[in-house]
Structure formats: structure tokens, C-alpha cells
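Here's the structure, in C-alpha cells; my notes come after.
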Amino acid sequence: MSRFLDPAESSKPYTDPTPLPADVPKVKELGVTSAPLKSAAFFLGAYCKDYNEDFMLCKAENPDPAHCLKEGRRVTRCAQDLITKLRENCLSEFEKHWNCLENNNQYYPCRKDERVLNKCVFEKLGLVKTIPGTPEGKTPIHEVKNPIYTGVQK
């Protein structure tokens, strides 16, 4: 399971040599690796859509990284909220899927675990996985039962 290790609990606490200004809201890091983020990516996109769009609009206005720190903090808080909800409601399914992604580094071998996670997230959180640009009336790739193209071609 992924978990956040608070630097304050370490034997040698980390002190940031360049702390943020007081007017920038404080927020803890997510404390997860890339695999849990990949596993939750489509749900994060749907759940945090408004915050992500605000952040991207801010970045388009001004390329200075300091200009959008507040919007970035809002995105991080939203992601923290979703990861926490995934852990509270679908922990075993979430862990199984992201561990598969961690070990295989690709989506195809993990489709079975992904379907179980998608079902849990839909039932318990009401979030649906939608892939942008999926043609209308076609079954999304993550829901295809017997795909023509697989990891091993015959």
C-alpha cells in the first residue's frame, strides 16, 4: 500500500531551505508513486475537472510558476480527497490495480483488475471512467471483453 511518510516523524526532520510565502496555502503532498496516480488518472480527471481547468487557464495566462501556486494547491487538495476516498471505499481493488500497473508498466494485462476497480468506484463514489475522444456508440477500450489486439500476437 502506498502511504505518505511525514518528514516531521523522521529521525532527521527535513527543513525546507526555501519555504513558500505565507500567502500561499499550505498543502501536504499526495504521497503516492506514479502507479496509483495512473490507476486513478481518469477518475482524477473527472473528479477534479474544474480545478484542473482553472489551473490550466492560469498557466495559459502567465507562464511564471509562482503565478499559479494557489490553483496548483487546489488541484493537489482535490487529488488528495479522491485518493483518500478511493482508499476508504475501494482499497483492495485500488491496490490490486495499481500493483498490476507497477509490475507490468502497461494497461492491457491489468484490464481485469481495472474493470473491478471501475465497478467499485462507480458503485461507491458514483464516478464513471470516460476516455476523452471515444467515438459515440462504440464500446470504450477498457470495457471490451475480447479485444482483437492483445499483448501477445499469434
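The values are calculated or read from the model by the stated rules, or taken from the named source; none is laboratory data. Since we're looking at a predicted model, the values are computed, not measured. As a convention, Cβ positions derive from the backbone with ideal geometry for all residues, glycine included, and neighbour counts pool all protein chains shown. Ligands, DNA and RNA are excluded from the accessible area calculation, which covers all protein heavy atoms including side chains. Shrake-Rupley method; radii C 1.70, N 1.55, O 1.52, S 1.80 Å.
If we scan the range 36-58, do we find a residue that is farther than 22 Å from Lys119 by Cα and among the small types (Gly, Ala, Ser)?
The answer is no; no qualifying residue exists.
Please name all residue pairs, on different chains or six or more residues apart, with Cβ atoms under 9 Å, provided the first residue is in the range 62-73 and is touching a residue at least 12 places away in the same chain (Cβ under 8 Å) and the second residue is aromatic (Phe, Trp, Tyr) and open to solvent by 80 Å² or more (accessible area, probe 1.4 Å).
Pairs that qualify, where the first residue is touching a residue at least 12 places away in the same chain (Cβ under 8 Å) and the partner is aromatic (Phe, Trp, Tyr) and open to solvent by 80 Å² or more (accessible area, probe 1.4 Å), are Glu71/Tyr51.
Across the range 84-106, what is the total count of residues that are more than 10 Å from Ser39 (Cβ to Cβ) and either within 13 Å of the chain's Cα centre (by Cα) or free of Cβ contacts under 8 Å to residues at least 60 places away in the same chain (or both)?
Of the residues in the range 84-106, 11 are more than 10 Å from Ser39 (Cβ to Cβ) and either within 13 Å of the chain's Cα centre (by Cα) or free of Cβ contacts under 8 Å to residues at least 60 places away in the same chain (or both).
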